[in-house]
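A.B. asks: Have a look at this one before I ask anything.
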Amino acid sequence: MKISFVPGTTGIFCLFLIPYMFSIIFNGVDSTLINKKFDTEMILPIVVAAQIEENYELETIKAQSIIARSNLYIKMKEQKNLADTLSQIWKDIKSRSFYLAVIQPQYEKAVEETEGKVLTWNGELKAVPYHQISAGQTRSGEEVFHSEDEAYLKSVQSNVDKKSKDFLNSVYINKNILPKELEIESRDSAGYVTQLLADGKLLEGEAFRKGMGLTSANFTIQEMGKQVRFLCKGRGHGIGFSQYGGNELAKESGTAEEMLEYYFPEMKIQRIDTVIKNM
């Protein structure tokens, strides 16, 4: 999480979290949600800070703020995940042994300048995925999830991602913890592994990537003595918004709206109050 916890650091104390957190400690999450009004705009800076580096351009952080707001409203609509959201924020703060988080001012500025803006498809809130660096092309939601419900997530070119110093990553794994026979069975149109054959059994590519700690499911396999080298392209699942690609657009005077229109050509930016009226 990109949060500074050093006393005296320039930033804005997340004092708005304290009432929620103390209430969670003494009354539990469910009681907190019932008795306290949840202010989305106030809590968004810390959510966004957990999702994107502080050294990104302001317009990129603004784009991430719109994405975060969209996904947070979906969680609020589902209700069951809202408690998990608050609990996770509390865990993140506790894990750093501090109870006052200092958020860098660009996060609050990004949230303020995009206040109320969300991404929709056909006037409805839909999940808005993001990742750090694509493999040069983002993935098709319909291909990844095998469902027309995710067809609004289109594959787009993001060749600029190849310029990132973190584009290529090698992960070495000892042969003795891998299946004896491991080969790539299929890839999607963006080059990400969708299925592997492991000792005759099919494995899902993204699940394998996460289980093995690989940076991306767009990888090749190379045996190197007692180890196997996985050469990965990009960072993350490769669906939706490429933060690196968006940031390169921002460096060329691209706006948050232009980034989102490019990476989500089927989606539209709307104000949440107009979306809620139609829900």
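A.B. asks: List the number of the failed condition for residue 163; all other conditions in (1) at pLDDT 95 or above; (2) closer than 22 Å to residue 64 by Cβ; (3) crowded, with 16+ Cβ neighbours inside 10 Å hold.
C.D. replies: Exception for residue 163: condition (3).
A.B. asks: Going by the conditions given, is residue 142 acidic (Asp, Glu) and assigned to a helix (DSSP H, G or I)? Even if it seems obvious, please write down each step before you answer.
C.D. replies: Details: acidic (Asp, Glu): yes; assigned to a helix (DSSP H, G or I): yes.
Yes: the conditions hold for residue 142.
A.B. asks: Exactly one of these conditions fails for residue 110: (1) crowded, with 20+ Cβ neighbours inside 10 Å; (2) touching a Cys at 6+ places or on another chain (Cβ under 7 Å). Give me its number.
C.D. replies: (2)
A.B. asks: Which residue out of 142, 181 is out of contact with any His (no Cβ under 8 Å at 6 or more places or on another chain) and closer than 18 Å to residue 229 by Cα? So that I can check it myself, show each step before the final result.
C.D. replies: On the way: 142 fails: closer than 18 Å to residue 229 by Cα.
Just one listed residue meets the conditions, 181.
A.B. asks: Can I ask one more? Checking the structure you have, find out if any residue of region 251-268 is outside the structural domain of residue 157 (by TED's automatic domain parsing), over 20 Å from the mean Cα position of the chain (by Cα) and surrounded by 14 or more Cβ atoms within 10 Å (Cβ to Cβ).
C.D. replies: yes
A.B. asks: For region 176-268, which fully contained helices (runs of 4 or more DSSP H) count at least 3 residues that are out of contact with any helix residue (DSSP H, G or I) (no Cβ under 8 Å at 6 or more places or on another chain)?
C.D. replies: Correct list: 205-212.
The values are calculated or read from the model by the stated rules, or taken from the named source; none is laboratory data. Please read all numbers here as calculations on a predicted model, not as lab measurements. A quick note on method: Cβ atoms are made from the backbone with ideal geometry, for glycine too, and the neighbour counts reach across all protein chains shown.
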